[in-house]
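A.B. asks: Structure incoming, see below.
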Amino acid sequence: MRKIRHIRKFIINIFSIIKIILKSSPIIVTKLFICNVLLGIVTSLNVYLWKYLVDSATYSLEYGKVGEAFIWLGGIGGCIETINLFNRLSIYYREIAQESMNCYINEMVIEKVNQLDMSYFDDSKIYDTLEKVSSESGARCVSILVMLVMLLQYFTTLIGVTAVMASLSGSIAIMLCLIMVPIFYVSISIAYKQYKIYVTRVQNLRMVDYLTDLCLKYENIKELKIYGAALYLKQKVSDIYKKHIIEDKKYKKSFLFKLTKTDLVQSICSTGIKIFVLYRAILEKKSIGDFTMYISALDNMENSINSILDAISSLYSDNLYIENLLDLLKMEGGLKDGKKDFSVVDLKKIEFENVWFQYPHSDSFVLKNVSIKLERGKSYALVGLNGSGKTTFIKLLLRLYDPQRGKILINGIDIKEYSIESLYRSIGVVFQDFIKYPLTVNENIGIGNLKRIDDFEKIQFAAYISGANKFIQSLPNEYQTILEKEWEEGSELSGGQWQTIAISRAIMRDVSILIMDEPSSALDPQAESDILKKMQEMMDGKMSLLITHRFSNMGIVDKIFVMQEGEITEFGTHEELMRTNGKYYTLYKLQADAYKR
Ligand code: ADP
């Protein structure tokens, strides 16, 4: 029963992949298939022509008429040329189809990952799946395409040559199939074992890739040099490889032994069948041409059956790997999207009502009974020690997660009722770990508002507000400079300069809420204060929320929240909080005293 389910799944998977293959480049793939069917037909035709050539050659030798033999010879030459042409065409179509398919799969995977909720990425299994998908899917899909094409070609050849053989003996085809069964079985079981080995190694392979990438990144090289960590990591990578090599020697030896045994059995049986064909041909007084045709047909049959079984076992192995891609494509985002459109001008207030939240696969609450109200036209700051839950608060506000208990309301309506896309359109955010795109300055800023990515005036304005304009002017190609030294003509920025680029990106958006998580931690106090003041002006009449460890800028915000171990413990203006003598007062004094020293 399990085996039947297994085979059923295999067939369903192959059909799903065929759909993907056809969608990636329908015309080229159709041409490829037609080309290979024709290849199969011409190959079988060639077998017939040989019979006529040999018979007419024998006749010519006896009666001195050579004309007919030349015609058949010409036919064979034409056939071989056609086979060569179709082979070349097939390779050409296959290469183009492969590239199109790689591109299509890449697009599908990026799109799917973009659709999935953050909660998927809190489970390490998704990274193993992604590793399997990114390292294997493209090649495996291509291999499936090649195997399907081969199947078609060899099936066509097989039908043709079986028809030839049937004129001598119908049972030969059955005998040939039977002797191929052991090798087919061994190939399938080896493919399954290899996949199982691969699955146990995925995490290690991911680690190898990650550590190797880490050692090759420009920004890491300085630290790796100073600590000598590169050699330590190199050892780790090579330990993983060596462990795999030792395992492989054991596995591959046993595979080799099994395959050699089945090869031997197959050769003996195949020679037996050839002797049988010879015997039947002599018994039935067949011509030399017939005999040549049968032997050639037999070789072709054996080759076709071998190739068909090879293709099936290869399809089976590819299918095991491709299941990861199909599983990924089947994954659905868990957050239910709302229908209400949230417009930039709509925002009046945001409320957290008794919100409790714990991360997936974690057993403690990070936010505990958080209740807070934010109003349009005001600026807020959220302060607290590391790990107190500030970033998590933002993630909930951005609806990257839903709380387990309590509600988040926007204008009195549950955040879940708004369409996520319209919500994101209205929010600008600078994350602590913002992305450093290996693109031009223009693009790095413009990505903040894709509809206006070509609006140079807006990009310049954003750079002016963040103060990035000052250093951009001194870059070799100003706004056209590619960032990051790893790329040709790329320029490296300091941490603070990168932060101003990230801030400019958020400014590019026409938003009603601006959220900044430690946006200026790498800037000097003067630059930080200048930027925050300019942003306050820009967000006048809208809403901004700043997470910061620097208390020197608290004077510019309207209200401050203090978060401790997932709870909002204090709330008020800077002056009010200083008077309460609580956590805020302690943290403020600690920082102020440190400056005085
Ligand atoms: P803050 O921004 O105040 O430094 P965070 O909101 O980042 O704090 O983190 C609050 C707590 O949540 C920390 O204990 C952190 O370890 C935990 N945490 C953060 N992200 C995750 C996650 N994806 N899965 C599990 N726990 C997390």
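A.B. asks: On the basis of being closer than 30 Å to Leu45 by Cβ and in contact (Cβ under 8 Å) with a residue 12 or more places away in the chain, does Leu158 make the cut? Explain how you work it out, then say what you get.
C.D. replies: Working: closer than 30 Å to Leu45 by Cβ: yes; in contact (Cβ under 8 Å) with a residue 12 or more places away in the chain: yes.
Yes, satisfied.
A.B. asks: Scan region 360-373 and give yes if some residue there is over 30 Å from Glu131 (Cβ atoms) and not in a strand (DSSP E or B), otherwise no.
C.D. replies: Start the filter on region 360-373 by keeping residues that are over 30 Å from Glu131 (Cβ atoms), which leaves 365, 367-373.
Those still in the list that are not in a strand (DSSP E or B) too: 365.
Taking every residue of region 360-373 in turn, at least one turns out to be over 30 Å from Glu131 (Cβ atoms) and not in a strand (DSSP E or B).
A.B. asks: Taking Pro360 as meeting all but one of (1) within 27 Å of Tyr585 (Cα to Cα); (2) within 16 Å of the ligand (Cβ to nearest atom); (3) not acidic (Asp, Glu), write down the number of the exception.
C.D. replies: If we test Pro360 against (1) within 27 Å of Tyr585 (Cα to Cα); (2) within 16 Å of the ligand (Cβ to nearest atom); (3) not acidic (Asp, Glu), just (1) comes out false.
A.B. asks: Name the residues in region 103-146 that are more than 18 Å from Asn204 (Cβ to Cβ), acidic (Asp, Glu) and in a helix (DSSP H, G or I), would you? Break it down into steps so the answer makes sense when it comes.
C.D. replies: The first filter runs over region 103-146 and keeps only residues more than 18 Å from Asn204 (Cβ to Cβ), leaving 103-123, 137-146.
If we keep only those that are acidic (Asp, Glu) as well, we get 107, 111, 117, 122-123.
Glu107, Glu111, Asp122, listed by residue number.
A.B. asks: Across region 537-552, which residue is surrounded by the most Cβ atoms within 10 Å (Cβ to Cβ) among those that are farther than 24 Å from Asp455 by Cα and in contact with a strand residue (DSSP E or B) (Cβ under 8 Å, 6 or more places away or on another chain)? Please lay out each step first, then the result.
C.D. replies: Taking region 537-552 first, the residues farther than 24 Å from Asp455 by Cα are 541, 543-552.
Then drop every residue that is not in contact with a strand residue (DSSP E or B) (Cβ under 8 Å, 6 or more places away or on another chain), which leaves 543-549, 551.
Details: Met543: 22, Ser544: 24, Leu545: 24, Leu546: 26, Ile547: 23, Thr548: 22, His549: 13, Phe551: 19.
Checked region 537-552; the qualifying residue surrounded by the most Cβ atoms within 10 Å (Cβ to Cβ) is Leu546.
A.B. asks: For region 105-145, which residues satisfy the criterion of being basic (Lys, Arg) and surrounded by fewer than 16 Cβ atoms within 10 Å (Cβ to Cβ)?
C.D. replies: As a first pass, look at region 105-145 and keep what is basic (Lys, Arg): 112, 125, 132, 140.
Residue satisfying the conditions is Lys125 alone.
A.B. asks: Given the residues Lys250, Lys225, which is the only one that is surrounded by fewer than 14 Cβ atoms within 10 Å (Cβ to Cβ), more than 30 Å from Ile7 (Cβ to Cβ) and assigned by TED's automatic domain parsing to the domain that holds Ser124?
C.D. replies: On the way: Lys250 fails: more than 30 Å from Ile7 (Cβ to Cβ).
Matching residue, one of Lys250, Lys225: Lys225.
A.B. asks: Kindly indicate which of Met180, Met207 is in a helix (DSSP H, G or I) and closer than 30 Å to Leu298 by Cα.
C.D. replies: None of the other options fit; the residue is Met180.
A.B. asks: I've got another one for you. Would region 515-526 turn up any residue that is touching a Ser or Thr at 6+ places or on another chain (Cβ under 9 Å) and over 30 Å from Tyr359 (Cβ atoms)?
C.D. replies: yes
A.B. asks: Before we move on, is Gly289 crowded, with 17+ Cβ neighbours inside 10 Å and either in contact (Cβ under 8 Å) with a residue 24 or more places away in the chain or assigned by TED's automatic domain parsing to the domain that holds Ser422 (or both)? Lay out the reasoning, then the answer.
C.D. replies: Details: crowded, with 17+ Cβ neighbours inside 10 Å: yes; either in contact (Cβ under 8 Å) with a residue 24 or more places away in the chain or assigned by TED's automatic domain parsing to the domain that holds Ser422 (or both): yes.
It is true that Gly289 is crowded, with 17+ Cβ neighbours inside 10 Å and either in contact (Cβ under 8 Å) with a residue 24 or more places away in the chain or assigned by TED's automatic domain parsing to the domain that holds Ser422 (or both).
A.B. asks: Looking at region 363-398, which of its residues are more than 13 Å from the ligand (Cβ to nearest atom), farther than 25 Å from Phe551 by Cβ and either at pLDDT below 90 or outside the structural domain of Tyr588 (by TED's automatic domain parsing) (or both)?
C.D. replies: Arg376, the sole residue that qualifies.
Conditions tested, residue by residue: (1) under 30 Å from Lys451 (Cα atoms); (2) modelled with pLDDT of 75 or more; (3) touching a His at 6+ places or on another chain (Cβ under 7 Å); (4) surrounded by 15 or more Cβ atoms within 10 Å (Cβ to Cβ).
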{"position": "Ser504", "(1), (2), (3), (4)": "yes, yes, no, yes"}
{"position": "Ile507", "(1), (2), (3), (4)": "yes, yes, no, yes"}
{"position": "Met535", "(1), (2), (3), (4)": "yes, yes, no, yes"}
{"position": "Phe561", "(1), (2), (3), (4)": "no, yes, no, yes"}
{"position": "Glu567", "(1), (2), (3), (4)": "no, yes, no, yes"}
{"position": "Arg579", "(1), (2), (3), (4)": "no, yes, no, no"}
{"position": "Lys589", "(1), (2), (3), (4)": "no, yes, no, no"}
{"position": "Tyr595", "(1), (2), (3), (4)": "no, no, no, no"}
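A.B. asks: While we're here: Mind listing whichever residues of region 228-266 are of a type in the set (S, T, N, Q) and within 19 Å of Asn204 (Cβ to Cβ)?
C.D. replies: Once the filter is applied, which keeps residues that are of a type in the set (S, T, N, Q) and within 19 Å of Asn204 (Cβ to Cβ), region 228-266 yields Gln235, Ser238.
A.B. asks: If you don't mind, there's one more thing I want to ask. For region 399-444, give me each residue that is touching a residue at least 60 places away in the same chain (Cβ under 8 Å) and within 16 Å of the ligand (Cβ to nearest atom).
C.D. replies: Arg399, Leu400, Tyr401, Asp402, Val429, Val430, Phe431, Gln432, Phe434 - these are the residues of region 399-444 that are touching a residue at least 60 places away in the same chain (Cβ under 8 Å) and within 16 Å of the ligand (Cβ to nearest atom).
A.B. asks: Separate question: Applying the selection to region 462-484, what residues are part of a helix (DSSP H, G or I), without any contact (Cβ under 8 Å) to a residue 60 or more places away in the chain and surrounded by 17 or more Cβ atoms within 10 Å (Cβ to Cβ)?
C.D. replies: Matches in region 462-484: Ala462, Ala463, Asn469, Phe471, Ile472, Tyr479.
A.B. asks: Checking Ala173 against (1) in contact with a helix residue (DSSP H, G or I) (Cβ under 6 Å, 6 or more places away or on another chain); (2) free of Cβ contacts under 8 Å to residues at least 24 places away in the same chain; (3) among the hydrophobic types (A, V, I, L, M, F, W, C), only one condition comes out false. Which one?
C.D. replies: It fails just one condition, (2).
A.B. asks: Next up: Any residue that is in a helix (DSSP H, G or I), within 30 Å of Glu518 (Cβ to Cβ) and not hydrophobic (A, V, I, L, M, F, W, C) - is there at least one of those in region 342-358?
C.D. replies: For region 342-358, residues in a helix (DSSP H, G or I), within 30 Å of Glu518 (Cβ to Cβ) and not hydrophobic (A, V, I, L, M, F, W, C): present.
A.B. asks: Given the criteria exposed (fewer than 14 other Cβ atoms within 10 Å of the Cβ) and more than 16 Å from the ligand (Cβ to nearest atom), does Lys336 qualify? Before you say what the answer is, go through the steps one by one.
C.D. replies: Values: exposed (fewer than 14 other Cβ atoms within 10 Å of the Cβ): yes; more than 16 Å from the ligand (Cβ to nearest atom): yes.
Yes: the conditions hold for Lys336.
A.B. asks: Among the listed residues Tyr185, Tyr218, identify the single one that is out of contact with any Cys (no Cβ under 9 Å at 6 or more places or on another chain), within 19 Å of Glu484 (Cα to Cα) and not assigned by TED's automatic domain parsing to the domain that holds Glu492.
C.D. replies: Testing whether each residue is out of contact with any Cys (no Cβ under 9 Å at 6 or more places or on another chain), within 19 Å of Glu484 (Cα to Cα) and not assigned by TED's automatic domain parsing to the domain that holds Glu492 leaves just Tyr218.
The values are calculated or read from the model by the stated rules, or taken from the named source; none is laboratory data. Small disclaimer: the values here were computed from a predicted structure and weren't measured. Note: ideal-geometry Cβ built from the backbone for every residue, glycine included; neighbour counts use all protein chains shown.
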